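Inspection log for the structure reproduced underneath, given as structure tokens.
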Amino acid sequence: TYVVTEDCIACKHMDCVEVCPVDCFYEGENFLVIHPDECIDCGVCEPECPVEAIVPDVDGPDLDFWIELNRKYAEVW
Ligand code: SF4
């Protein structure tokens, strides 16, 4: 799955949301999140993000915090 991270905070661009084929972006408290169970790993959102906040979840343990936060906010909806 792909994960939205820190740099998205307070970003108002929605380009990623528009390109996602499965509509798995949700609105978190102050940034967008990706539902980890709905993301199909297509990767099309990654280059659309102007601040490079979207990363694949393979980048290591530092991402655990963000993965959990993405899940938490995505499951509110
Ligand atoms: Fe949506 Fe694809 Fe990005 Fe996953 S990788 S959030 S399915 S656009």
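Looking only at region 52-63, filter to residues that are charged (D, E, K, R) and under 12 Å from Thr1 (Cα atoms); which one of those is surrounded by the most Cβ atoms within 10 Å (Cβ to Cβ)? For region 52-63, the residue satisfying everything is Asp57. Within region 24-36, residues that are closer than 15 Å to Asp7 by Cβ and within 9 Å of the ligand (Cβ to nearest atom) have Cβ atoms under 6 Å from residues that are part of a loop (DSSP other than H, G, I, E, B) and at pLDDT 95 or above in these pairs: Ile34/Cys24, counting only partners at least 6 apart in sequence or on another chain. Residues of region 46-71 that are more than 15 Å from Lys12 (Cα to Cα) and under 12 Å from the mean Cα position of the chain (by Cα): Glu46, Val55, Pro56, Asp57, Leu63, Trp66, Ile67, Glu68, Leu69, Asn70, Arg71. Looking at the structure I just gave you, is Glu6 touching a Phe, Trp or Tyr at 6+ places or on another chain (Cβ under 7 Å) and open to solvent by 30 Å² or more (accessible area, probe 1.4 Å)? Considered against the rule, which asks whether it is touching a Phe, Trp or Tyr at 6+ places or on another chain (Cβ under 7 Å) and open to solvent by 30 Å² or more (accessible area, probe 1.4 Å), Glu6 comes out as no.
No other residue among Cys39, Cys49 is within 9 Å of the ligand (Cβ to nearest atom) and surrounded by 11 or more Cβ atoms within 10 Å (Cβ to Cβ) apart from Cys39. Check whether at least one residue in region 69-77 is within 8 Å of the ligand (Cβ to nearest atom), at pLDDT 95 or above and charged (D, E, K, R), and report yes or no. No, because not a single residue in region 69-77 is within 8 Å of the ligand (Cβ to nearest atom), at pLDDT 95 or above and charged (D, E, K, R). Which residues, taken from region 2-22, are near the ligand (Cβ under 8 Å from one of its atoms) and under 19 Å from Lys72 (Cα atoms)? Passing the criteria: Tyr2, Val22. Only a single criterion out of (1) touching a Cys at 6+ places or on another chain (Cβ under 7 Å); (2) without any contact (Cβ under 8 Å) to a residue 24 or more places away in the chain is not satisfied by Cys16, namely (2). If you go through region 6-34 and keep only what is of a type in the set (D, E, K, R) and either over 10 Å from the mean Cα position of the chain (by Cα) or closer than 14 Å to Val51 by Cβ (or both), you end up with Glu6, Asp7, Lys12, Asp15, Glu18, Asp23, Glu29.
The values are calculated or read from the model by the stated rules, or taken from the named source; none is laboratory data. Just so it is clear, the structure is predicted and the values come from calculations on it, not from any experiment. Don't worry about glycine lacking a Cβ; one is built from the backbone with ideal geometry, like all the others, and counts go over all protein chains shown. Heads up: the accessible areas ignore ligands, DNA and RNA and are worked out on the full protein's heavy atoms, side chains in. Shrake-Rupley method; radii C 1.70, N 1.55, O 1.52, S 1.80 Å.
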